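Structure, as structure tokens:
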Amino acid sequence: MKNLLLAIGISLLFSSCYSTLIVAGTGASKSNVVEKKQWYALWGLVRLNHVDPKVLAGDGANYTVKTEFTFKDVISNVFTSIVSIESKTVTVIK
């Protein structure tokens, strides 16, 4: 039980240590933010939905894409990873 609590505590502390930042064009010039969840099965091996940053950005040529495990993702993944389903958040800033 002690090890389980330790593992949960560590996963909560390091919830945002994995993130990817991609700059398209000159990057975001405004603060228009669009977020969508990317879902995976088998602990990340099989993608369940496709989140396309270009679609989220619309017709804009300059935007920033951030892919990360947010605090909400970590909390939900604690419960959904039991059945091998996990999520991460894709954020597009225009």
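Here are a few things to note about the model shown:
- Scan of region 55-82 for residues that are more than 15 Å from the chain's Cα centre (by Cα), of a type in the set (A, V, I, L, M, F, W, C) and either closer than 20 Å to SER31 by Cβ or outside any helix (DSSP H, G or I) (or both), ordered by number: VAL55, ALA57, ALA61
- When ALA57 is tested against the conditions (1) more than 10 Å from VAL92 (Cα to Cα); (2) touching a residue at least 24 places away in the same chain (Cβ under 8 Å), the lone failure is (1).
- Within region 82-92, restricting attention to residues that are surrounded by 14 or more Cβ atoms within 10 Å (Cβ to Cβ) and not β-branched (Val, Ile, Thr), the residue that is farthest from LYS37 (Cα to Cα) is GLU86.
- Any hit, region 9-24, residues being in contact (Cβ under 8 Å) with a residue 12 or more places away in the chain, assigned to a strand (DSSP E or B) and in contact with a helix residue (DSSP H, G or I) (Cβ under 9 Å, 6 or more places away or on another chain): yes
- Restricting attention to region 59-81 and to residues that are of a type in the set (A, V, I, L, M, F, W, C) and surrounded by fewer than 18 Cβ atoms within 10 Å (Cβ to Cβ), the residue that is nearest to VAL33 (Cα to Cα) turns out to be ALA61.
- Candidates are the residues of region 1-28 that are surrounded by 11 or more Cβ atoms within 10 Å (Cβ to Cβ) and more than 15 Å from ASP73 (Cα to Cα); the one that is modelled with the highest pLDDT is VAL23.
- Subset of region 29-54 that is assigned to a strand (DSSP E or B) and without any contact (Cβ under 8 Å) to a residue 12 or more places away in the chain - its residue that is farthest from ASP73 (Cα to Cα): VAL46
- Pairs, first at positive phi in region 81-92, second modelled with pLDDT of 90 or more, C-beta under 8 Å, six or more apart: SER84/ALA41; SER84/LEU42
The values are calculated or read from the model by the stated rules, or taken from the named source; none is laboratory data. Everything numeric here is computed off the predicted structure, so don't read it as measured data. FYI the Cβ positions are ideal-geometry reconstructions off the backbone, even for glycines, and counts take in every protein chain you see.
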